[in-house]
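The values are calculated or read from the model by the stated rules, or taken from the named source; none is laboratory data. From a predicted model like this one, the values you see are computed outputs, not experimental measurements. Cβ coordinates were reconstructed from backbone atoms using ideal geometry, including for glycine residues, and neighbour counts include every protein chain displayed.
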Amino acid sequence: MNTGRIQTSIAVTLLSLSFTVHSEELRARAIFEEKCVLCHGYEGKGDGRMQKLLDPPPSNFHISELSLDSMVEIITNGGESVGRSISMPPWSSELTELEIEMVANYVFGLRNH
Ligand code: HEC
C-alpha cells in the first residue's frame, strides 16, 4: 500500500469535486443574471426593474419558505401551473432540467443570507 499515492488521489478527487460544485454555482449565477434579475433583482430580493409593474411582486428569495422541489416545479412550469401569478414565466423551453435544478439550488441557497 502506498499511502502517499492514496492521499494524493484523495486530494485530487476532493479538488475536482469542489471545482465541479464551484463551477455549477457560477453557471447558476450566470443563468440567474441573464434570466431572473429583471424581476427578482440582482440579489434576489424581488426588487428587479419589473417589480413596480407586477402584482403580486416577484418573490424575495431571502425570505422564501418554498421547498426546493416546489421551486423546481414553479421554475419549470411557471406560476400559473401552480395557481400563482402568470408573471412568473415557465422556463422548461429555455433551460434544461439540469440548469433548472442548478438555478433552483442557487435561489434556494439565498434564504437567510
Ligand atoms: C417577468 C418576471 C419574472 C421573471 C423574469 C422571473 N420571475 Fe420568478 N417570479 C415572478 C413573480 C411575479 C413571482 C411571484 C408569483 C406569485 O407570488 O404568484 C415569482 C416567483 C418565483 C418563485 C417562487 C418563490 C416563492 O418563494 O414563492 C421562484 C422559485 C422563482 N420565481 C424563480 C425564478 C427564476 C429562477 C427565474 C429565472 C430563471 C425567474 N423566477 C424569473 C416573476 C418573474
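Looking only at the range 1-42, filter to residues that are assigned to a loop (DSSP other than H, G, I, E, B) and in contact with a helix residue (DSSP H, G or I) (Cβ under 8 Å, 6 or more places away or on another chain); which one of those is nearest to residue 60 (Cα to Cα)?
Selected residue: 41.
Which condition from (1) closer than 16 Å to residue 28 by Cβ; (2) buried (at least 16 other Cβ atoms within 10 Å of the Cβ); (3) more than 8 Å from the ligand (Cβ to nearest atom) is the one that residue 42 breaks?
(2)
Counting just the residues of the range 71-113 that are near the ligand (Cβ under 8 Å from one of its atoms), over 19 Å from residue 54 (Cα atoms) and not in a helix (DSSP H, G or I), which one comes out nearest to the chain's Cα centre (by Cα)?
Per the criteria, the residue is 95.
State the number of residues belonging to the range 15-36 that are modelled with pLDDT under 90 and not aromatic (Phe, Trp, Tyr). Talk me through it step by step, then tell me what you get.
Narrowing the range 15-36 to residues modelled with pLDDT under 90: 15-25.
Now drop any that are not not aromatic (Phe, Trp, Tyr), which leaves 15-18, 20-25.
Qualifying residue count, the range 15-36: 10.
Which residues, counting only those in the range 44-70, are assigned to a helix (DSSP H, G or I) and in contact with a Cys (Cβ under 8 Å, 6 or more places away or on another chain)? First the steps, then the outcome.
Here is the first cut: in the range 44-70, the ones assigned to a helix (DSSP H, G or I) are 51-53, 68-70.
Residue satisfying the conditions is 51 alone.
Looking at the range 20-37, which of its residues are among the basic types (Lys, Arg) and within 14 Å of residue 98 (Cβ to Cβ)?
Taking the range 20-37 as the starting set, the residues that turn out to be among the basic types (Lys, Arg) are 27, 29, 35.
Correct list: 27 only.
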